[in-house]
């Protein structure tokens, strides 16, 4: 049984501050983190999609909650695409992420901006308000995947 | 190249509403989701730990941001421990999660309650305020891992 001190130490060991890896001790940690953030984001975005596509009944409260989670998560992955994190783990990130950094940054900013609108639209509380914003976020996801993620 | 419609459909396919899996199409999806949420939470908790342990300089703004992310994430994993998600993927969850559901629920609620306090403490903006709350969250993490997670 680990002591609490050892537990807490282990929890913070991943947070070494090195410029090259932007707070990740190893490339694998950065890759796992960014994939995890994207997985959580995609799950909650998918729940909105289920409402938009009529697969589940529209629920204004659930829509607002899911959109808020999507917004929080949408800000996280990008800092974990630092130099040296192009290899390691099972990353599907293409070399273009690092070769075309301005374009990748633009794509991530586009996503975050559309997600802000999605969150605002979800708070309106109607399915119609959600639909347009959902489609625009989906397009932003796809735009980035098409250019920066292996099929 | 997938169309946006196909992309959005894929995004929402994971959100089938089945009672047994609580919004996850497959046990593997629930396992991947809960592990992802815990990974993101642990990363940001670790950044607070680095400040608490003096590994990096205390930064009140960063502390508040990290604590807020921890709070959002702390609410997410538990719904993904539904019936039928005890096997699949590479889960380390012990059978006790499902055998002792009341105790597991209590442990998750303890964590969430301590994280609310952590978030409040981080907003105070001093390292001292953070330290105690950080330790209590660490203890709540450890308590649950000791009983419900394979070593």
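So the values come out like this:
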quantity: Selected from B:84, B:132, B:54 as most flexible by GNM, with chain B as the system and alpha-carbon contacts under 10 Å; calculated: B:54
quantity: Mean Cβ neighbour count within 10 Å, used as a protection proxy, ranking A:105-111, B:56-62 highest first; calculated: A:105-111, B:56-62
quantity: Highest-fluctuation residue, A:87, A:99, A:117 considered, GNM on chain A with Cα pairs under 10 Å; calculated: A:99
quantity: Gained length - residue A:147 relative to residue A:90, 0.36 nm times residue gap less alpha-carbon distance; calculated: 18.7 nm
quantity: Long-range tail of P(r) for the stretch B:73-148 (Cα pairs > 15 Å, %); calculated: 59 percent
quantity: Gyration tensor (alpha-carbon) shape descriptor, chain B, a/c threshold 1.5; calculated: oblate
quantity: Peptide A:135-141 - average C-beta neighbours from other chains (10 Å radius); calculated: 3
quantity: Residue of chain A whose Cβ sits closest to the axis mapping A onto B, with distance in whole Å; calculated: A:36, 2
quantity: Inter-copy separations for residue B:126, label at 7 Å along Cα-Cβ, nm, ascending; calculated: 5.0
quantity: For the protein assembly as shown, the spread of Cα positions along each principal axis, largest first, Å; calculated: 51, 46, 35
quantity: Shielding by partners, peptide B:73-80 (average Cβ within 10 angstrom, other chains); calculated: 2
quantity: Rel. contact order, % - alpha carbon contacts under 8 angstrom, at least six apart, chain B; calculated: 25 percent
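FYI, it's all coordinate maths here, none of it is from the lab. As the structure is a computational prediction, the values presented were derived from the model and not from experiment. So basically every Cβ, Gly included, is an ideal-geometry build from the backbone, and we count neighbours across all protein chains shown.
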